[in-house]
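Undergrad: Can you read through this structure? Questions will come right after.
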Amino acid sequence: MIGSWFAQYCGQRLPFLWLDGQQWKQVAAVLAGARAPYVDIKAQIASPYEYKLRLFYSDKIPSTFVTKVRHEDLVRVNTEQHVQFPVEKNLPVMSEVNHTFGPDDTFSFNAAHVYQAPINRIDYYNVVGPDILWKRNFVLTNPATGITRTINARNNGFLKPETRVEKINQAPYVFGQPDFGYRPFEQQWAGFCTVCRQTDTLGIYQWAVSAADPGLATGDVPLRRMEVSLTRDAVPITPLPSSFPAYTQYALPAEAGTYQLKTVSYDDFSGQHLAERVTTDWTFRSQRATVQTVKKPVYCSSAELGQATGPCEWQPLIQLSHDFDLALNDTTKANRLYRFDVTARHVMPNAPGITGLRSWVSYDDGKTWVAAQVKKNRDGSWQVQVKHPKLKKTTGAVSVRTEAWDSAGNRVVQTIDRAYGLTA
């Protein structure tokens, strides 16, 4: 039981938070000697599963509002909700709110509920059909500092019974293009494109995307700290003035050229001690944009910010997603074989195919690197396999570097410092 209550004793209102069984006995002893005791309890059960059902009725009033559902008719979502900082027992640090939108709905007001984290939880949703969009948000709070992190989950359309997996707040967050998933209505805002070119203006908008799932992005935008630099054929380009802190823009020549974009993003969330720094180097070809490939529900950042006009086109930047198999504190065991999956993808339409990927790991915080075994999975992702040494032969964490390239020569190299921790 998670709750908060206030006991009025000798004219004073005393707060007690999140009590266990022994603490309730102590409270009972206090109340036994009180004159006209008063208790206000607000409770939340920390359940390993939740049922989240939305029932919609159109053009009729049902004869009964009692509805029975069968498990085989529900969508099952297995969620891992990760927290790196230590959490006191029975202390709720995560909150969640759910919104649903029909075709004519433009506003939703709902209350969040709090619960313990880290936690493995099974969420059950009913199938709502193609006309209903499901929007969910999470907020993680570090009780030691009061600092919060907002986590926006992908938009969902639960169209058929199935099983899904979500990893909420698993490190790292990287600079990239979020994929907010199912969108039945164009008016549902999906955000700016990360890197797009409008005529001869290259716009870079900072998104902090989960490496485990590009459908999860932190609401702490812009990133708390991010460094951006751009070169053309190895010659540095000076950014244009911008009044938007999350946006960087460059004026480019019309003719085709080879560009190198380097970003360094820092995760300064309070309590974070793994995957705090991610460096991503892109090499790509670009020329004057003549085709409008950035379309709703994704918006051209330079156009929406009033920084440029004309056709807006995606740039061929390869996005990487690292799906690490970790405990809920973002660690795994030392001295054993370990596997994780990497997905390389383009966000632009008719993009060249990904043709290769390789990966390295470091056990001394990047001083030396060891090549990993890589093989391609049937779904197009890549499985990376390494052999972790004994814990005493490491710094307690594993850094990961991955390189991928496509058939047109576009390339990305991403280095995640201390990507995940090791335990004995």
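Undergrad: Direction-averaged shadow area of the convex hull around the Cα atoms of the chain, nm²?
TA: Computed as one quarter of the Cα hull surface, the answer is 26.8 nm².
Undergrad: Calculate, for the stretch 365-424, the solvent-accessible area per residue in square angstrom, rolling a 1.4 angstrom probe over the heavy atoms of the protein chains.
TA: 52 Å²
Undergrad: Then there is this: Spelling out what I want: for every residue of the stretch 408-424, take phi, set θ = phi - 60°, compute 6.51 cos²θ - 1.76 cosθ + 1.60 (Karplus), and round to whole Hz; glycine and proline get x.
TA: 9, x, 5, 8, 9, 10, 10, 10, 10, 5, 6, 4, 8, x, 10, 10, 5
Undergrad: Can you list the HN-Hα couplings for the stretch 370-381, worked out from phi with the Karplus curve (6.51, -1.76, 1.60; θ = phi - 60°), rounded to whole Hz and with x for Gly and Pro?
TA: 3J(HN,Hα) across the stretch 370-381, in whole Hz: 10, 5, 9, 7, 10, 9, 8, 7, 5, 7, x, 7.
Undergrad: Let me ask another. Got a number for carbon plus sulfur as a percent of the chain's accessible area, 1.4 Å probe?
TA: 52 percent
Undergrad: Sorted by mean Cβ packing within 10 Å, highest first, what order do the peptides 82-90, 307-315 take?
TA: Ranking the peptides 82-90, 307-315 by packing returns 307-315, 82-90.
Undergrad: Would you mind putting 198-207, 252-261 in packing order, based on average other-beta-carbon counts within 10 Å, highest first?
TA: 198-207, 252-261
Undergrad: Next up: Express as a percent, rounded to the nearest 5, the fraction of DSSP beta bridges in the chain (both residues included) that run antiparallel.
TA: Rounded to the nearest five, the antiparallel share is 90 percent.
Undergrad: Okay, moving on. Report the net charge of residues surrounding His273, where surrounding means a beta-carbon distance below 14 angstrom and charges are Lys +1, Arg +1, Asp -1, Glu -1.
TA: Net charge in that neighbourhood comes out at -4.
Undergrad: Quick check on packing: order 400-406, 94-100, 374-380, 168-174 by the mean number of other C-beta atoms within 10 Å, highest mean leading.
TA: The packing order, highest mean first, is 168-174, 400-406, 94-100, 374-380.
Undergrad: At 222 nm, what value in deg cm²/dmol follows for the chain if DSSP H runs of at least 4 each add -39500 (n - 2.57) and the sum is divided by all its residues, to the nearest 500?
TA: Taking each H run of at least 4 residues, the total per residue is -1000 deg cm²/dmol.
Undergrad: Shifting gears a bit: What accessible area per residue, rounded to a whole number of Å², is obtained for the stretch 299-357 using a probe radius of 1.4 Å?
TA: Solvent-accessible surface per residue comes out at 40 Å².
Undergrad: Just the accessible area per residue of the stretch 243-284, please: how many Å² with a 1.4 Å probe?
TA: 35 Å²
Undergrad: Turning to a different aspect of this structure: Report the Cα centroid-to-centroid distance between the stretch 396-424 and the stretch 242-298 in angstrom, as an integer.
TA: With the stretch 396-424 and the stretch 242-298 each reduced to a Cα centre, they are spaced 18 Å.
Undergrad: Going from most exposed to least, what order do Thr141, Thr279, Thr106, Thr163 have by accessible area with a 1.4 Å probe?
TA: Descending accessible area places them as Thr106, Thr163, Thr141, Thr279.
Undergrad: A follow-up question, please. Sequence gap at least 6, Cα distance under 8 Å: using those rules, report the relative contact order of the stretch 72-149 to the nearest whole percent.
TA: 42 percent
Undergrad: So what is the relative contact order of the chain, in percent, for Cα pairs below 8 Å that sit 6 or more residues apart?
TA: Relative contact order, the chain: 12 percent.
The values are calculated or read from the model by the stated rules, or taken from the named source; none is laboratory data. If you're wondering where the values come from, they're calculated on a predicted model, not measured in any experiment. Cβ atoms come from the backbone with ideal geometry, glycine included; neighbour counts cover every protein chain shown. Side chains included, ligands, DNA and RNA excluded: accessible areas come from the protein's heavy atoms. Shrake-Rupley method; radii C 1.70, N 1.55, O 1.52, S 1.80 Å.
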